[in-house]
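Since the structure comes first, as structure tokens, the remarks are kept for the end.
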Amino acid sequence: MTMSVAWREETTQIGEVLRQSEKVLILEHEKPDGDSIGAGLGLALGMLFLGKNAILLSQDPHPSTYDFLPGRHLHIVVSDMKSEYGPFDAVVFLDCADRARAGAAVEFAKGDIVINIDHHVTNSMFGDINLVDPGASSTSELVFYLLKTMQVPITRNIAICLYTGIISDTGAFRYENTTSRTFAVASHLVDAGADPSRIANQLYECRTASFLLLLGKALQTLSLHHDGKVASVEITREMIRDAGSSFQETDGIVDYPRSIEGVEVALCFKERPDGIGVDVSFRSKCRVDVSKIAEALGGGGHPRAAGATITGSMEEAKDKVFSLLSKEQI
Ligand code: AMP
Ligand code: MN
Ligand code: MN
């Protein structure tokens, strides 16, 4: 596959650093999603192929949805991490717009060289080497090019991980970040052994009953604002408990208010289990840049999918978000 991309130099530099490294620490963002998990496991498996000692670390566990992915033995959570596992020759941040996005995993991010691989437009370029392309569908797409540059064979296991990352971040090729390059990479991954129907089945047809119960409760809170252009749902700790569900299962619920005809901005307010406050998921369809709104609240993300944590109660969080939204042209 020929690479006509702007960052050939960065991939080459990263490839050289990783080839020279013995111990590599790979970090995902807090509450890891399909892209950070797919990119993380794909890169960790690539490092294993090169005979490296690679650890994939995250603050929070992987949701059980991703249990089907290969390479899980390379992943640990911060509570199981030991400082003796280091020091590392290279630390790779994946899908993190800034260092803080890795949460408590940052404590172990001590290495000779910091590599930053990401596709957020808000990325602060915090690495010694930055492979950052907001035009990429996902971090998994960038990891694919990195492994190709390094001439690491894309094994079936690596392909399954990277394909999962790509379809997670593109909503199975539905969102605006889907480009012909995304399909080219996906095609290559399918040739390498990723099975689209099996992976889609794992991601979209293996829901738990508790997720559906929680979704039902969340949808009962649906409210429309700004002449039906903004749709909002909320999820309290009590609702999660009553549904026998978990905070992780709130992922994806924001897609339902977004799916309403005429809605431009969708919001999902989620009370955090740690009591710190409320996580807000923002989605937009085609005009409003929700990453700006999320940034104004101390969060970040992409123009069409962003998030922020707001300290305080559900009512306080809603007040803050709706007062910012009322200033937006929606
Ligand atoms: P979510 O609504 O949690 O699925 O998040 C959507 C996107 O927003 C994620 O893929 C991240 O890019 C970004 N994001 C979510 N929460 C935060 C946060 N607290 N800080 C920065 N970016 C975030
Ligand atoms: Mn992510
Ligand atoms: Mn991503």
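Structure above, values below:
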read-out	value
Neighbourhood charge, 14 Å Cβ-Cβ cut-off, centred on Ala100 and excluding it, Lys, Arg +1 and Asp, Glu -1	-4
Pairwise label distance in nanometres, Ser79 with Ser259, each label 7 Å out on the Cα-Cβ vector	3.4
Surface accessible to a 1.4 Å probe, per residue, for the residues of segment 209-325, Å²	45
Computed magnitude of the charge dipole of segment 209-325 (debye, nearest 20; Cβ of K, R +1, Cβ of D, E -1)	260
Built amide H within the under 5 Å cut-off of Leu27, gap 5+	Leu57, Val92, Phe93, Leu94
Calculated SAXS-style log₁₀ I(q)/I(0) at q = 0.18, 0.20, 0.28 Å⁻¹ - segment 1-50, Debye, Cα scatterers	-0.74, -0.87, -1.09
Interatomic Cα distance distribution for segment 8-204, bins of 5 angstrom, percent	1, 9, 19, 23, 22, 16, 7, 2, 0
Paramagnetic label zone (point 7 Å from Cα along Cα-to-C-beta, Thr12; backbone N under 16 Å) in segment 137-154	146-151
Cross-link table Lys229/Lys270; Lys217/Lys285; Lys292/Lys327; Lys31/Lys292, entries beyond 18 Å C-alpha to C-alpha	Lys229/Lys270; Lys217/Lys285; Lys31/Lys292
With every protein chain in place, segment 8-204: carbon and sulfur % of accessible area (1.4 Å)	48
Fraction in percent of alpha-carbon pairs per bin - 10 Å, the chain	6, 27, 35, 23, 9, 1
Evaluated at q = 0.12, 0.20 Å⁻¹: base-10 log I(q)/I(0), Debye formula over Cα of segment 209-325	-0.37, -1.06
1.4 Å probe accessible area per residue over segment 8-204, in Å²	39
Beta bridges per DSSP with both ends in the chain, % antiparallel, nearest 5	40
Trypsin sites (Lys or Arg not before Pro) within segment 257-330: DSSP coil, no more than 15 neighbouring Cβ in 10 Å	Arg287, Lys327
With all protein chains modelled, accessible area of Tyr204 [1.4 Å, Å²]	80
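The values are calculated or read from the model by the stated rules, or taken from the named source; none is laboratory data. Quantities reported herein were computed from a predicted structural model and do not represent experimental measurements. No Cβ is skipped: glycine too gets one built from the backbone with ideal geometry, and neighbour counts run over all protein chains shown. For the accessible areas, the whole protein counts, side chains as well, though only heavy atoms, and no ligand, DNA or RNA atoms are used. Shrake-Rupley method; radii C 1.70, N 1.55, O 1.52, S 1.80 Å.
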